[in-house]
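*Asks:* Sharing a structure here in structure tokens format.
The values are calculated or read from the model by the stated rules, or taken from the named source; none is laboratory data. From a predicted model like this one, the values you see are computed outputs, not experimental measurements. Every residue, glycine as well, gets a Cβ built from its backbone with ideal geometry; the counts of neighbours run over all protein chains shown. When the accessible area is computed, the model is the full protein with side chains, heavy atoms only, and any ligands, DNA or RNA have been set aside. Shrake-Rupley method; radii C 1.70, N 1.55, O 1.52, S 1.80 Å.
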Amino acid sequence: MAPSSLPPDRFEARRYRTVDGLPLYYRAYGDPLAAGPAVLCLSGVTRNSKDFHDLACHLAAPGRRVICPDYRGRGLSAYDPDWRKYRPETYLEDLLQLLTLEGIDRFVSIGTSMGGLLTMGLAVARPAALVAAVLNDIGPEIESGGVSRIIDYIGQDHPQANWAAAVAHLKATYPDLGLPDEEAWRNLAHSTFREADDGLHVDWDVALARPLRDGGPLPDLWPLFRALDRRPVLVVRGGRSDVLSDGSLAKMIAAKPDLIHVTLPGVGHAPMLDEPAALEAIDALFARLDHR
């Protein structure tokens, strides 16, 4: 029996096993038989598929197919017993396996922070398959202060007594995030923490910070960014970002003059992509693709 499309506000929870035996989780939205390119939503370094629920529903509404994975060590995917595998090269291999499993030969990648770096990696690994890209608050030059802040935070648990405490913790930790209301902060809390018998704990393996601490300086990422050439690329930047500076964005525009870009005033790292200006830019990108 052919698979049927889901309502745009629903998803199917799926799992697959990697070549090294780890069971990983992902969400599948929309029409699995859609004729156009699929959409692959890639989260930040500690984040998971929950971050993209609203955007995935929005993109699936016209009948698109949307895939949102949890990387190993995050969300509902298994934690890796070998922390040395928490590396972009491993995540990229997992994603390539997922694309093959799902039979996806054309896709648009939307990547937040580390997900944007993986998007650039996919431009090298699957150049004929990547149709377009959205880089959310990331580029080939990353501010060292932002990286240090992220590594310091993700390498430890931040237990909370209840959801109200989790919201208060996130507000104190990310004062520049720019979320619009209490509901948005509660949603962020529920995608950041998981429930346990003794309260709430971060929803990632804190060991994933170890390779980041021990990995040395970042390699030159400009060749990866240049691999995006000849395809539409949208960059969304938070105006208060400490990861993607205005100067770095200017260099990206100089290297790729057709780069589409939008900066969100008052928003830190990383935008949630439900901001009106971000959604408008994403919709315009897909409208352009639909009329090619």
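*Asks:* Please go through the range 26-53 and pick out each residue that is farther than 19 Å from F107 by Cα and open to solvent by 10 Å² or more (accessible area, probe 1.4 Å).
*Replies:* Across the range 26-53, the qualifying residues are V45, T46, R47, K50, D51.
*Asks:* On the basis of being farther than 30 Å from H291 by Cα, open to solvent by 30 Å² or more (accessible area, probe 1.4 Å), among the acidic types (D, E) and not in a helix (DSSP H, G or I), does D20 make the cut?
*Replies:* In short, yes.
*Asks:* I've got another one for you. Does A166 fit the bill of being surrounded by 21 or more Cβ atoms within 10 Å (Cβ to Cβ), among the hydrophobic types (A, V, I, L, M, F, W, C) and touching a Ser or Thr at 6+ places or on another chain (Cβ under 6 Å)? Outline the logic, then answer.
*Replies:* Working: surrounded by 21 or more Cβ atoms within 10 Å (Cβ to Cβ): yes; among the hydrophobic types (A, V, I, L, M, F, W, C): yes; touching a Ser or Thr at 6+ places or on another chain (Cβ under 6 Å): no.
So A166 does not fit the description; no.
*Asks:* Another question about this same structure. Is there any pair with a first residue in the range 77-91 that is over 22 Å from T119 (Cβ atoms) and without any contact (Cβ under 8 Å) to a residue 24 or more places away in the chain and a second that is open to solvent by 50 Å² or more (accessible area, probe 1.4 Å) and not in a helix (DSSP H, G or I) whose Cβ atoms are under 7 Å apart and which are 6 or more apart or on different chains, and what are they?
*Replies:* If the second residue must be open to solvent by 50 Å² or more (accessible area, probe 1.4 Å) and not in a helix (DSSP H, G or I), no pairs are left.
*Asks:* Quick one: which strands (runs of 3 or more DSSP E) sit completely within the range 184-292 and have at least 3 residues that are open to solvent by 10 Å² or more (accessible area, probe 1.4 Å)?
*Replies:* By residue number, 193-196, 260-264.
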